[in-house]
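Shown next, in structure tokens, is the structure this report addresses.
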Ligand code: C2O
């Protein structure tokens, strides 16, 4: 750790605000020799761990005990207090970023300040927020089911034994997401509106659309807290986002995939949060990318074993430099093969759509190296009101069903919905838009098409895309249709 020169730039320190006040004071006082102390603090930064594993070893593990006590203390505060449970949930309800590439840094900062509030209200300075690893434990973890605990939320759609569907948390599905080299396909696209504060829609990448949205649906839809933007009323929310944050950190720090270097992302200022004293804070996205090397660390959360061969592990200064620098992420699309028409499907009634393609162009792209992707865009999708189903996507598998294995070579991925119409309307303050709100999803089908191509099954002049709506496990879906207006298979370079 000796070579970490985290404070070589004064301007960076100015916006930092992520170390303890005491150490910042030492540094601001010009105590150059205090660098060693700061580095020791960084090295010993708290470790975020798997809540189910902690519970299995000892249900009164200090992390679980502090989390319970913190939530209870926050719930006891009046909602007028900015560090109260309800005020924190309202920050999300009123200001959360979704469906574009700000969602990861926004939620990372949200968790950091929440974690500090937990420390403050319990006096436990060693507390680190635990995560729910839905890959290894697909049910809502046991600490959340004791009805006498502050961690219980009666407003859930699942039971303790219900398990999330492998279609969105299965190992091969998550590996495919972690293998994604492009930031926008991994983490969602830039906002489409120029005013990201008011109307922040973009197109959702795979981490957001797949495990993120679906776990919200699985726990909460229809009608529960986790189904809407008031989802942080359920204490499981923070552990869900902690897992997503861990996957992002793993993608950057261990697999060495770069974030975008687009200045509209790095320079974006998040101003929605308060610190542990209830004072407003401002944090830039460029700062959030360093949190997992400065302020907390993760116990390996995601498939480290399975991916061991790919772990490159930049360390120290080289990793810091890599995170600060990022890389261009903008996707240049073309050629594009698309269908524009109203497409509908329903649970039990999948849709298969044939897209005319130039097989030569696809074959060329498949051999184009890691910066050439084949991207399926599912666009102009109506957000269903109840959001109690998700959509499995297959290529050249017209008989695919809700049960077809995720190991089937034609399985491309899945997407779910996370939305809140009422909250969105108040976000934008705009008049109601006609019809249902719409969104879109990006699925990188490159690895899958490479396999199909090797098997010789990609030579025809059309590609069939099947969209298979499936109910969340152990639930009847209410029968809402999936409706969309555009489906595209395109070559994209970055
Ligand atoms: Cu802003 Cu998963 O929520």
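The table below lists the values:
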{"read-out": "Qualifying residue in the range 163-170 (condition: free of Cβ contacts under 8 Å to residues at least 60 places away in the same chain, in a helix (DSSP H, G or I), within 15 Å of the ligand (Cβ to nearest atom) and not assigned by TED's automatic domain parsing to the domain that holds residue 444)", "value": "yes"}
{"read-out": "Check on residue 131, within 16 Å of the ligand (Cβ to nearest atom), surrounded by fewer than 23 Cβ atoms within 10 Å (Cβ to Cβ) and modelled with pLDDT of 95 or more", "value": "no"}
{"read-out": "Answer from 134, 106 - the residue that is under 30 Å from residue 168 (Cα atoms) and touching a strand residue (DSSP E or B) at 6+ places or on another chain (Cβ under 9 Å)", "value": "106"}
{"read-out": "Test result for residue 278, buried (at least 22 other Cβ atoms within 10 Å of the Cβ), assigned to a loop (DSSP other than H, G, I, E, B) and away from the ligand (no atom under 13 Å from the Cβ)", "value": "no"}
{"read-out": "Matching residues, the range 217-244, being assigned to a loop (DSSP other than H, G, I, E, B) and in contact with a helix residue (DSSP H, G or I) (Cβ under 9 Å, 6 or more places away or on another chain)", "value": "221, 224, 228, 229, 230, 234, 235"}
{"read-out": "Residue in the range 72-80 that is surrounded by 22 or more Cβ atoms within 10 Å (Cβ to Cβ), touching a residue at least 24 places away in the same chain (Cβ under 8 Å) and more than 12 Å from the ligand (Cβ to nearest atom) present", "value": "yes"}
{"read-out": "Checklist (1) out of contact with any strand residue (DSSP E or B) (no Cβ under 9 Å at 6 or more places or on another chain); (2) away from the ligand (no atom under 11 Å from the Cβ); (3) assigned to a helix (DSSP H, G or I) applied to residue 250, failing item", "value": "(1)"}
{"read-out": "Of all residues making up the range 253-263, the number that are at pLDDT below 95 and assigned to a helix (DSSP H, G or I)", "value": "2"}
{"read-out": "Within the range 437-485, tally of residues that are out of contact with any strand residue (DSSP E or B) (no Cβ under 8 Å at 6 or more places or on another chain) and assigned to a loop (DSSP other than H, G, I, E, B)", "value": "11"}
{"read-out": "Selection from the range 443-472 of residues that are exposed (fewer than 15 other Cβ atoms within 10 Å of the Cβ) and more than 17 Å from residue 413 (Cβ to Cβ)", "value": "454, 455, 456, 457, 459, 460, 461, 462"}
{"read-out": "Among (1) surrounded by fewer than 24 Cβ atoms within 10 Å (Cβ to Cβ); (2) part of a strand (DSSP E or B), the one test that residue 401 misses", "value": "(2)"}
{"read-out": "Of residues in the range 93-105 being part of a helix (DSSP H, G or I) and crowded, with 24+ Cβ neighbours inside 10 Å, the one nearest to the ligand (Cβ to nearest atom)", "value": "103"}
{"read-out": "Failed item in (1) closer than 29 Å to residue 474 by Cα; (2) surrounded by fewer than 19 Cβ atoms within 10 Å (Cβ to Cβ), with residue 389 passing the rest", "value": "(2)"}
{"read-out": "Qualifying residue in the range 140-158 (condition: more than 18 Å from residue 237 (Cβ to Cβ) and surrounded by fewer than 20 Cβ atoms within 10 Å (Cβ to Cβ))", "value": "yes"}
{"read-out": "Condition check for residue 394: closer than 27 Å to residue 164 by Cβ, within 16 Å of the ligand (Cβ to nearest atom), in the same structural domain as residue 437 (by TED's automatic domain parsing) and touching a residue at least 12 places away in the same chain (Cβ under 8 Å)", "value": "no"}
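The values are calculated or read from the model by the stated rules, or taken from the named source; none is laboratory data. Owing to the predicted nature of the structure, the values given are computational and were not obtained by experimental measurement. Heads up, the Cβs are rebuilt from the backbone with ideal geometry, glycines too, and the neighbour counts pull from every protein chain shown.
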